[in-house]
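No lab work stands behind these numbers, since they all come straight from the coordinates. Note that the structure is predicted; figures quoted are calculated from it, not measured. Cβ placement follows ideal geometry from the backbone for every residue including glycine, while neighbour counts extend to all protein chains displayed.
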Amino acid sequence: MSENGKPKFAMYWAASCGGCEIAVLNIHEKILDFDANFEVAFWPVAMDAKYKDVEALEDGEILLTLFNGGIRNDENEHIAKLLRQKSQIMVAFGSCANEGCIPGLANLSPIESLFETVYNTVSTENEEGIRPQSSYEMPEGTIHIPEMYPVLRTLDQVIDVDYYMPGCPPESHQVAAVVDLVISVVKGEAVLPPKGTVIGAGNSTVCDECERTRNVKKIKKFVRIQDIERFDPEICLLEQGLICNGPATLSGCMAKCPTSGAPCVGCYGPGPRVLDYGARMVAALASVIDSRDPVEIEAILDGIVDPAGTFYKFNLAHSLLKTGKASWNGN
Amino acid sequence: MTKPFEPMIIGFTCNWCSYRAADLAGTSRKKYPPNIRLVRMMCSGRLDPVFVLEAFSGGADGVMITGCHPGECHYIEQNFKALRRVLLLKRTIEPLGINPQRLKLVWASASEGNLFAKEVETFIGEVRDLGPLNWQKRAMRNDLRLVESLPEEVPV
Ligand code: SF4
């Protein structure tokens, strides 16, 4: 508790894009309720604070930490462990912290090829071929920058997590609902759900929230959105041959993408009782392909241009396989 | 001395044809290497792709799925569904670095004990040539909380 009697709040970004922070600010005037009820102890994107300020706190002094981003380097890991120690409630906030998200797709590639892409593409000016080094000698002494790990890990692969809040980013109405809940808990008007609960999401699949008309799915050809001039605005996108991840994805977003004509990419992560997101997509798509002939089936499957990237766009780091073989090679 | 590599294969067999083929191979004393562990399902169409991924991530070097011949499925056409799932699954695991040859689909009727034994033997040979997959250790290293329980002596 701080001097003004308000419980403390922290939000941190590890390997992420910053969209989660914007989703929090997107709760509009509710942010004032939030401010009235919490004191921000640490939120690097919103206000200046030093790691040593966090280190100086008592264990458990922060009531609530929203942690977004995956764990990609030793700094991410250090802060995750530090915040765990200082926080009573640790929420894995957003897809990166929950399941790896887009940064997790880098688990398909070895670290050298990631550096190659970033520091040595045609469009990169880096004539000296400079690469990041975790320590460097300067006249003033040795300086360190965080050491990149061979793979990206999800938050719960590194520390104990109390609640999971999915989404890329979490929808603002869900963030607002969670903020309301926590405020009522602080006031003693509500109790927290059991540890490990997925909060700020539905308990079904995106298909269940989607209002498009569904008939029998019989797919003879997969298409990409740029290949077709016009899609039927009413009918299920998957029925029209677009790969829509709705059948495997947790609800809670109100099926925003399919409703506005873009297929679901799966940012809310695996639906209830889905053990492996990609496996569920394989099962779902294979079931609706309308062919019994191996040659024709292969031809239809050619329409799925990047199966691993499509089925594990958000979930690779938390899938059963967790990583591509390449990322661990040589380690 | 290093022990020769013995692949671990998980076999998913359907109740009506291929499990009986395996049974027949047994009762007719047909020998095949003991590297395969069979799991009986009611139908190859029951094969959830997650079973295959669990097998690989849990230490299997190869997975074999067997079902009734096309047109002979007890549940009319579920073995075609298995076929489509296996074909798509092969395409999904390849970019992750799992050779799709580690996953095999075989049709065997209840009377084909010999064929079953032969297919198992061939597959074990193929997987032996591919070498160990070692995915379990890889997946465990991705979870820092499990790393501590990694047995020291196994090279990753
Ligand atoms: S597959 Fe996509 S478009 Fe079809 S019902 Fe599900 S979410 Fe809607």
Amide H proximity to B:Met8 below 5 Å, modelled H, separation 5+ or other chain, gives B:Asp61, B:Gly62
For the range A:94-107, Karplus-derived ³J(HN,Hα) couplings (6.51, -1.76, 1.60; θ = phi - 60°; whole Hz; x for glycine and proline) come out as x, 4, 4, 5, 6, 9, x, 6, 4, x, x, 5, 5, 5
Could you name the lysines whose alpha carbon sits less than 23 Å from that of B:Lys31, not counting residues in the same chain fewer than 8 places away? B:Lys3, B:Lys104, B:Lys118
If you filter the range B:1-92 for GluC sites (Glu not before Pro), then keep DSSP loop positions with at most 16 other Cβ within 10 Å, what is left? B:Glu72, B:Glu77
Dipole of the protein assembly as shown, Cα-centred, from +1 at each Lys and Arg C-beta and -1 at each Asp and Glu C-beta, to the nearest 20 debye? 2280
Cα-based radius of gyration of the protein assembly as shown once divided by 2.2 N^0.38 Å, which approximates compact folds: 1.09
Among the aspartates and glutamates, which fall within straight-line cross-link reach of A:Lys313, defined as a Cα-Cα distance under 13 Å, with same-chain neighbours fewer than 8 residues apart omitted? A:Glu99, A:Asp276
The range B:118-127 - phi-based ³J(HN,Hα) in whole Hz, Karplus 6.51/-1.76/1.60, Gly and Pro as x: 5, 4, 4, 4, 4, 5, 4, x, 4, 5
Please list, in order along the range B:98-108, the HN-Hα scalar couplings obtained from phi with the Karplus expression 6.51 cos²θ - 1.76 cosθ + 1.60 (θ = phi - 60°), rounded to whole Hz, x for Gly and Pro. 9, 4, x, 5, 6, 10, 9, 10, 10, 9, 8
Do any trypsin sites (Lys or Arg not before Pro) in the range A:48-130 lie in a DSSP loop with no more than 13 other beta carbon atoms within 10 Å, and if so, which? A:Lys50
For A:Arg131 and A:Arg292 in the same chain, what is the full-extension length gain: residue separation times 0.36 nm, less their Cα-Cα distance, in nm? 52.8 nm
Given a 10 angstrom Cα cut-off, can you work out which residue in A:Thr259, A:Thr197, A:Thr124 is the most mobile in a GNM of chain A? A:Thr124
Between the range B:125-139 and the range A:289-331, what's the alpha-carbon centroid distance in Å? 19
Listing A:Val198, A:Val182, A:Val305 by rising number of other beta-carbon atoms within 10 angstrom, fewest first, gives A:Val305, A:Val198, A:Val182
Descending semi-axes in whole angstrom, ellipsoid equivalent of chain B, from the Cα gyration tensor: 29, 19, 12
Quick one: what Rg and Dmax do you get for the range A:162-222 from the alpha carbons, in Å? 16.9, 57
If I take R0 = 51 Å and measure r between the Cβ atoms of B:Arg46 and A:Asn37 in this structure, what FRET efficiency does the formula 1/(1 + (r/R0)^6) give, to the nearest 0.05? 0.50
In degrees between 0 and 90, to the nearest 10, how far off the longest principal axis of chain A does helix A:277-288 point, with axes built from Cα atoms? 20
Which one of A:Gly19, A:Gly271, A:Gly94 has the biggest mean-square fluctuation once chain A is modelled by GNM with Cα springs under 10 Å? A:Gly19
What pairs in A:Lys30/A:Lys322; A:Lys256/B:Lys90; A:Lys86/A:Lys195 have C-alpha atoms more than 26 Å from each other? A:Lys30/A:Lys322; A:Lys256/B:Lys90
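Report, in debye and to the nearest 20, how large the dipole of the range A:206-326 comes out about its Cα centre when Lys and Arg carry +1 and Asp and Glu carry -1 on their Cβ.
340
Assign unit charges at the C-beta atoms only (+1 for Lys and Arg, -1 for Asp and Glu), then state the dipole size of the range B:9-140 relative to its Cα centre in Debye, rounded to the nearest 20.
Here the size comes out at about 180 debye.
Taking Cα pairs under 8 Å and at least six residues apart, what relative contact order does chain A come out at, in percent? Walk me through the intermediate numbers first.
On the way: 607 pairs, mean separation 62.7, N = 331.
Normalised by residue count, the contact order of chain A is 19 percent.
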For A:Met165, A:Met254, ascending order of other Cβ atoms within 10 Å (fewest first) is A:Met254, A:Met165
Determine the distance separating the Cα centre of the range A:72-147 from the Cα centre of the range A:172-243; give it in Å without decimals. 31
Label-to-label distance, nm, for residues given as B:Asn15 and A:Val216 (7 Å Cα→Cβ offset): 2.6
For A:Ile71, A:Ile159, which order do you get if you count the other beta carbons within 10 Å of each Cβ and list the fewest first? A:Ile159, A:Ile71
Long-range amide H contacts for A:Ile235: which residues qualify at under 5 Å (H placed 1.01 Å from N, peptide plane, sequence gap of 5 or more or a different chain)? A:Thr213
Cα-Cα P(r), the range A:110-149, percent of pairs per 5 Å interval: 6, 20, 23, 21, 18, 10, 3
Which loop-located trypsin sites (Lys or Arg not before Pro) does the range A:275-331 contain, where loop means any DSSP state but H, G, I, E or B and the Cβ has at most 16 other Cβ atoms within 10 Å? A:Arg292
